[in-house]
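Participant: Below are the structure tokens for one structure; questions will follow.
What follows is calculated from the coordinates using simple rules that are stated; it is not laboratory data. This is a predicted model, so every value here is computed, not measured. Note that each Cβ is placed from the backbone with ideal geometry, even for glycine, and that neighbours are counted across all protein chains shown.
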Amino acid sequence: MTDVYREIQDPATAPERLAEIVATHPELAPWVLQHPNCYDALREWIAAYATPPAGPATGAGDVFSTTASSDPFARAVEPALSSHPATPFGPAPGTQPTRPRGPFFRRRGILIGGSIGIAAIMLVGIGGAWWAISGLTRGASSPEGAVARLLSGVENVDPVTVATSLAPSEFGGFVEPLQRLASAVPGEDGGADMAQLLADVRASAELSSTAMAYETEQLADGVVRVSWTDGEMRLSGDERELARSLTALYEPLLRAQQAAIYGYSDAEIDEAIDAMVDGWSSNVDLDQSWDARDAADRYGAGPISLVAVDEGNGWYISPLLSFYDLQWRQSEEQGYVDSRDLGDAIIEAEVFETPEVAAEELTAALESGRIERVAATLPLAERRVLSLYGDVVNLEYVVNEYSPSIETADFSAATNGDRARLSIEELLVDFTEWSNGYELHDRYDISEVCAEWSDEYLDSSYSSWWDEYTYWTDQRTGSACLDDPAWTDRLGAGDVDLIAVREGGGWLVSPIATIADAASIAVDSFIPYYESGALDELFR
């Protein structure tokens with residue numbers, strides 16, 4: 001199995017080999033789906049026939065149906081190989097974007113795009129209702145009440161109710177940037193009115209529930225799993241109208257992107273968007289109903305459940321814990337984890353005197369591979385995940401397999417009240433892997449938002465006893481920055497920093513706050529293009 005794991009993590013693994021792997025090891029489907037050479041027919045086969053355990057998110061829920069070939073090897077495509085890692089955004093440095101074949105989202109991305117569209121409408125609507133959210137400062141009185149509040153918000157397409165049901169420690173940092181985005185006034189062809197979008201979604205789809213009942217299980221102090229045990233949910237509506245409503249949210253951005261980057265004409269974009277709407281609506285069934293037992297059978301990991309947390313002023317739903325709880329239960333169902341290994345207490349934080357020390361200690365903890373040590377260096381929201389579901393994260397496997405060595409970790413901080421912006425002055429990391437007599441060193445030298453890397457292969461075999469036992473056989477180098485593509489530069493990618501927060505009288509680095517801050521930078525950079533009706537300039 002070790003060789004198979006190595007193959008699915010190698011970006012050069014051929015599409016045909018990926019099909020062979022997933023056919024013999026269906027439990028690896030989530031990782032195969034993330035591989036750059038996973039082709040559409042294989043994705044469809046996985047959706048229809050492979051039952052994934054824990055791992056990366058693999059797609060949409062019960063609403064979606066997929067028609068797939070029974071042959072996982074069908075229609076393999078020639079992979080596009082590169083001598084350097086893919087950059088985080090857009091084309092690789094030094095290359096020109098290639099024009100996609102056919103309409104740019106005729107099949108792939110329909111389901112994902114639809115799900116993101118629903119979420120985006122709700123999230124931007126949350127920003128528009130900021131005045132109401134800021135006045136609601138208490139959570140629900142019970143874990144079941146938090147679930148009921150979230151369900152009510154979803155049923156009524158009510159962003160305020162949804163927002164006030166989510167854990168502030170996880171979601172709070174995103175509310176203000178969403179508020180600024182929702183308050184922006186679109187220029188010509190800049191976007192749709194958010195209130196109208198919400199009204200259109202309400203008119204095109206309806207989710208209702210009756211006689212809902214729940215059971216609770218305490219996972220740790222202030223953390224409770226809430227499982228749906230009785231009642232019925234029904235979904236109804238017009239698939240095509242819902243698809244049109246969702247498309248209206250991001251159509252202007254897609255039009256600008258495809259015209260500026262790939263040179264599509266208006267007619268071609270119209271055709272592609274129509275194809276997206278047709279495909280999305282044909283893959284969604286809005287005439288469904290489930291009782292608790294039906295849903296549990298479809299779910300594949302026991303009753304549908306969410307995880308609620310007590311954050312001091314009431315109970316909220318934790319999106320992070322709910323996601324990892326699903327991963328855990330799927331892994332348990334497949335026999336990859338044991339229920340006895342589920343954490344039952346939140347690890348106590350080890351706070352640090354300065355933001356710089358907090359960042360240095362976090363990198364040292366990651367190097368150690370010890371989940372408990374990493375958890376102790378993180379704020380509450382992130383610490384809860386590792387404390388309870390550390391086996392799903394499987395950091396020890398990564399450390400044992402790749403032997404990371406952090407040779408330099410140098411940070412500088414600018415403090416503003418209870419937050420600090422951390423800039424990476426230099427972070428030098430070496431990963432080592434041994435295979436078939438060869439030793440591979442992957443070295444990454446990171447500074448601010450840029451990285452340089454080199455892959456060095458060593459031959460560890462002996463030609464004779466007096467010869468030098470190692471020598472260089474191959475070396476590849478490269479570099480990339482988050483703001484290399486012009487459009488990410490215009491969205492402020494060069495200003496992204498790590499964020500540290502005060503907690504418990506000291507400092508801790510927060511991945512959630514870092515992502516929220518990056519989103520805030522992107523929103524503030526995006527709004528001028530949006531309000532001036534110049535989204536096409538963003539991608540030129």
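Participant: In sequence order, what are the phi-derived ³J(HN,Hα) couplings for the range 484-492 according to the Karplus relation 6.51 cos²θ - 1.76 cosθ + 1.60 with θ = phi - 60°, rounded to whole Hz, with x for glycine and proline?
Facilitator: Listing the rounded values in order: 4, x, 4, 6, 6, 4, 5, 8, x Hz.
Participant: Let me ask another. With Rg and the Kirkwood Rh both taken from Cα atoms, where does Rg over Rh land for the range 145-258?
Facilitator: Rounded to two decimals, Rg/Rh equals 1.05.
Participant: Got a sec to turn the phi values of the range 372-378 into Karplus ³J(HN,Hα) couplings, 6.51 cos²θ - 1.76 cosθ + 1.60 with θ = phi - 60°, whole Hz, x for Gly and Pro?
Facilitator: Karplus values, whole Hz, x for Gly and Pro: 4, 5, 5, 4, 5, 9, 10.
Participant: Another one. Going by average Cβ neighbours within 10 Å, how do the peptides 525-535, 159-169 rank, with the highest at the top?
Facilitator: Going from most to least packed, we get 159-169, 525-535.
Participant: To the nearest 20 Debye, how big is the dipole of the range 346-509 about its Cα centre, given +1 on the beta carbon of each Lys and Arg and -1 on that of each Asp and Glu?
Facilitator: 740 debye
Participant: Could you rank the peptides 242-253, 400-411 by their average count of other C-beta atoms within 10 Å per residue, with the highest value first?
Facilitator: 242-253, 400-411
Participant: I've got another one for you. For the residues Tyr336, Tyr397, Tyr39, what sequence is obtained by ranking on other C-beta atoms within 10 Å, fewest first?
Facilitator: Tyr397, Tyr336, Tyr39
Participant: If amide hydrogens are placed 1.01 Å from N in the peptide plane, which non-local residues have theirs closer than 5 Å to the one on Gly533?
Facilitator: Placed amide hydrogens put Gly187, Glu188 under 5 Å from Gly533.
Participant: Let me ask another. Hey, fewest Cβ within 10 Å first, where do Thr377, Thr24, Thr432 land in order?
Facilitator: Fewest-to-most ranking of Thr377, Thr24, Thr432: Thr24, Thr432, Thr377.
Participant: Return one quarter of the surface area of the convex hull spanned by the alpha-carbon atoms of the range 242-322, equal to its mean projected area, in nm².
Facilitator: With every direction weighted equally, the projected area is 9.2 nm².
Participant: Answer rounded, prolate or oblate for the range 346-509, using the Cα gyration tensor with square roots of eigenvalues a ≥ b ≥ c: rounded when a/c is under 1.5, else prolate when a/b is larger than b/c, else oblate.
Facilitator: Oblate is the answer for the range 346-509, as a/c is 1.5 or above yet b/c matches or exceeds a/b.
Participant: Based on alpha-carbon centroids, what's the gap between the range 498-540 and the range 217-259 in Å, whole number please?
Facilitator: When both Cα centres are located, 24 Å separates them.
Participant: On to the next question. Most exposed first by the Cβ proxy, i.e. fewest other Cβ within 10 Å, how do Arg240, Arg298, Arg384 rank?
Facilitator: The fewest-first ordering by Cβ neighbours comes to Arg298, Arg240, Arg384.
Participant: What residues have an amide H closer than 5 Å to that of Gly314, excluding those fewer than 5 places away on the same chain, when H is modeled at 1.01 Å from N in the peptide plane?
Facilitator: Correct list: Gly139.
Participant: Continuing with this model, one more query. Apply the Karplus curve 6.51 cos²θ - 1.76 cosθ + 1.60, θ = phi - 60°, to the phi angles in the range 281-297 and return the couplings in whole Hz, x for Gly and Pro.
Facilitator: Along the range 281-297, the couplings run 5, 6, 9, 10, 10, 9, 10, 9, 9, 9, 9, 4, 5, 4, 5, 5, 5 Hz.
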